[in-house]
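J.: Questions regarding the structure given below will be posed in turn.
The values are calculated or read from the model by the stated rules, or taken from the named source; none is laboratory data. Computed from a predicted structure; not experimentally measured. A quick note on method: Cβ atoms are made from the backbone with ideal geometry, for glycine too, and the neighbour counts reach across all protein chains shown. Side chains included, ligands, DNA and RNA excluded: accessible areas come from the protein's heavy atoms. Shrake-Rupley method; radii C 1.70, N 1.55, O 1.52, S 1.80 Å.
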Amino acid sequence: MLYLVGLGPGDEGSMTQDAVAAIKNSEVIVGYKTYTNLIKPLIEGKELVRTGMCKEIERCEVAIEAAKTGKNVALVSSGDTGVYGMAGPIFEIIARDNLDIDVQVIPGVTSSVACAAILGCPLMHDFCHISLSDLLTPWELIEKRVRMAAEADFVICFYNPRSKGRPDHLAKAFELMAPFKSPDTPVGIVKAAGRSKEDLWLTTFKDIDYTVVGMTSMVIVGNKSTYRYKDYMITPRGYRV
């Protein structure tokens, strides 16, 4: 069996019972080094295959080859494995090569949900996820999605908002949203949600400090109904303009 496991933020308390059971039931654990470090107590004594960043296909191939031998294999991702995780490339390879492998997808708490819980209830009405990484998606298409989501007044959750290689993508996204967002629109930034270095900034569209945002951050931009109460970001259940 090949388990595709979503770890959530990474601590066992926020993992599903199914995720913990799948890891315990697996003989081989495959994952990015940072993610496997998060679950050390669960994987002691197991065969461990760890790779660095940008080695997603390599991890998939290793996991598939191990599963072909009859072993139970857990390929782990942070958050939900089906949301910018490892489920996509695994199924693409299986479909491409017409493989006959038993696969079970184990969902996890994705970053937007983990961060929303820290912020209060910013996702109570319609929202969308947009990744600002242009490694696999043309930047022109990302710009179109950002602009149209802002015009439609979705609450927007930005994955992969900013990195050393993409220092200006978040600022460009805010420029695209500016015609459709009030300067006072609440914006929540959560860094390393659910981990030891978790941090939180609650600001506004006009006052955002891009420099505090990194690859482990999630940026949530409210809609016209979203407001701040004390240290909470609240989007009402019913839409109001």
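J.: In the stretch 43-65, what residues are of a type in the set (A, V, I, L, M), without any contact (Cβ under 8 Å) to a residue 40 or more places away in the chain and farther than 22 Å from Leu136 by Cα?
T.: Within the stretch 43-65, Ile43, Leu48, Val49 meet the criteria.
J.: Within the stretch 180-193, is even one residue among the hydrophobic types (A, V, I, L, M, F, W, C), open to solvent by less than 60 Å² (accessible area, probe 1.4 Å) and in contact with a Gly (Cβ under 6 Å, 6 or more places away or on another chain)?
T.: no
J.: Residues of the stretch 33-71 being closer than 17 Å to Gly10 by Cβ, outside any helix (DSSP H, G or I) and not basic (Lys, Arg), which ones?
T.: Within the stretch 33-71, Ile39, Glu44, Leu48, Met53 meet the criteria.
J.: Select from the stretch 81-106 the residues that are within 23 Å of Leu38 (Cβ to Cβ) and open to solvent by 30 Å² or more (accessible area, probe 1.4 Å) and list them in ascending order.
T.: Once the filter is applied, which keeps residues that are within 23 Å of Leu38 (Cβ to Cβ) and open to solvent by 30 Å² or more (accessible area, probe 1.4 Å), the stretch 81-106 yields Gly82, Val83, Tyr84, Gly88, Val103, Gln104, Val105.
Here's the yes/no breakdown for (1) within 23 Å of Ser225 (Cα to Cα); (2) at pLDDT below 95:
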| site | (1), (2) |
| --- | --- |
| Glu140 | no, no |
| Phe154 | yes, no |
| Gly165 | no, yes |
| Glu175 | yes, no |
| Pro186 | yes, no |
| Ile189 | yes, no |
| Ala192 | no, yes |
| Ser196 | no, yes |
| Trp201 | yes, no |
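J.: Quick check on my filter: what residues within the stretch 52-62 are crowded, with 16+ Cβ neighbours inside 10 Å and over 19 Å from the mean Cα position of the chain (by Cα)?
T.: Val62
J.: Can you list residue pairs whose Cβ atoms sit under 9 Å apart, with the first residue in the stretch 191-217 being at positive phi and the second being in a strand (DSSP E or B)? Count only pairs 6 or more apart in sequence or on different chains.
T.: Pairs found: Ala192/Asp199; Ala192/Ser217; Gly194/Gly8.
J.: Here's a follow-up. Determine whether the stretch 228-235 contains at least one residue that is touching a His at 6+ places or on another chain (Cβ under 7 Å) and either surrounded by fewer than 17 Cβ atoms within 10 Å (Cβ to Cβ) or farther than 17 Å from Tyr84 by Cβ (or both).
T.: Yes, because at least one residue in the stretch 228-235 is touching a His at 6+ places or on another chain (Cβ under 7 Å) and either surrounded by fewer than 17 Cβ atoms within 10 Å (Cβ to Cβ) or farther than 17 Å from Tyr84 by Cβ (or both).
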